[in-house]
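Take a look at the structure below.
The values are calculated or read from the model by the stated rules, or taken from the named source; none is laboratory data. This structure is a prediction, so every number in the text was calculated from the model and none was measured. Cβ coordinates were reconstructed from backbone atoms using ideal geometry, including for glycine residues, and neighbour counts include every protein chain displayed. With ligands, DNA and RNA removed, areas are computed over all heavy atoms of the protein, side chains included. Shrake-Rupley method; radii C 1.70, N 1.55, O 1.52, S 1.80 Å.
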Amino acid sequence: MSPMNNASSTATTTTRTGVSWLWLTVALFAHTGWGAYPVLARYLQTISHLPSMAILALGNALALVVYLPFAYRHINASLWRTPIIWLFALVVSIRAMTNLTSARFTLAIYVQLITLLTPLIVALLSKLLFRERLPPFTLPAIGLSIFGSLLMMSGDVSSGVILRLTGSDLIGIAIAFVSACALALYMLLIPRATSAGHVSAEAMLFVQLVALTITCGAMSLLLREPWSRFAAIGLLDWIVFAAFVIFVLLGANLGQIVALRQLGAPLVSSTMGWRLISALALAAFLLGEALQSVWQVLGAVIVLVTITVYLRRQYRV
């Protein structure tokens with residue numbers, strides 16, 4: 001190979017590496033946003049005292065207004081005649097409502113912890129619904145994740161694993177588990193809708209924003225939530241709400257779509273553990289909710305390592 005060709009090949013490799021790191025950074029940005037979701041949701045509900053469904057309705061409506069000028073060319077009337085779209089709208093509505101309300105009842109880090117188990121739920125649902133083979137290491141990963149989760153929720157481990165969970169925590173964790181199952185269905189529907197149904201990822205996000213604006217708005221009216229509360233909140237509350245809309249509902253969604261398109265689902269999913277780190281850091285800063293013992297830290301490490309190794313194994317396969 002001539003020096004010129006060798007230099008060209010090196011430059012191309014460097015460029016590709018640089019582009020890969022760029023999209024990986026975008027993926028981490030998206031994961032950071034989703035890690036922040038339960039923290040911001042908990043703040044808005046328990047400190048700002050904003051009504052749950054109103055947060056989702058207004059937040060998604062604002063995100064839709066910002067997103068529509070960039071996405072309108074990917075949308076056509078035939079979109080609504082695709083049967084899987086209506087199932088997707090139902091699943092995404094259940095996911096959003098349960099994800100937000102779970103943070104009202106329990107710590108944001110617990111909500112994110114349950115969300116982190118989604119890849120394992122996806123594997124189980126794929127086996128149950130589509131008769132697909134369980135990926136290697138699935139059952140040991142479930143066992144280790146449950147053990148790590150118990151440690152994260154523990155009190156004085158030296159005298160036995162004593163869970164420090166209130167009745168409110170149990171309700172929040174149960175809702176978070178329903179939300180994780182809905183997210184697993186969401187992840188199973190996305191590739192089937194975008195490939196078999198010939199629906200673009202941009203159109204799927206549009207459907208998501210429209211569905212959440214309508215369903216959450218209707219639920220808010222049905223529950224007679226006090227929207228007047230928005231007029232009573234302060235500047236910091238509005239900053240948190242703006243971060244929730246721009247950074248999570250719009251930014252994390254768009255970042256995830258772009259990263260999935262450029263890197264593929266396996267590689268993007270393999271960095272999902274970053275969500276728990278994001279949630280832990282922001283919860284400590286914004287809510288004063290932090291891990292209290294070395295056992296809880298150990299539990300977090302076990303879950304992070306288990307999920308990361310599990311997802312990376314699937315990527316290599």
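Residues being at pLDDT 70 or above and either hydroxyl-bearing (Ser, Thr, Tyr) or under 22 Å from residue 123 (Cβ atoms) (or both): count how many of those fall in region 195-211.
Looking only at that region, the number is 1.
If you go through region 108-139 one residue at a time, how many are touching a helix residue (DSSP H, G or I) at 6+ places or on another chain (Cβ under 7 Å), open to solvent by 40 Å² or more (accessible area, probe 1.4 Å) and in contact (Cβ under 8 Å) with a residue 24 or more places away in the chain?
Qualifying residue count, region 108-139: 2.
When region 152-194 is examined, which residues are found to be modelled with pLDDT under 80, open to solvent by 70 Å² or more (accessible area, probe 1.4 Å) and of a type in the set (Ser, Thr, Tyr)?
158, 159
Report the residue count in region 227-242 for those that are assigned to a loop (DSSP other than H, G, I, E, B) and either open to solvent by less than 40 Å² (accessible area, probe 1.4 Å) or of a type in the set (S, T, N, Q) (or both).
Residues that pass the stated criteria total 2.
Hey, could you check region 6-52 for residues that are modelled with pLDDT of 50 or more and farther than 29 Å from residue 259 by Cα and say which is surrounded by the fewest Cβ atoms within 10 Å (Cβ to Cβ)?
So the residue we want is 49.
Considering 268, 258, 245, 297, which residue is open to solvent by less than 20 Å² (accessible area, probe 1.4 Å) and out of contact with any Gly (no Cβ under 8 Å at 6 or more places or on another chain)?
The match here is 268.
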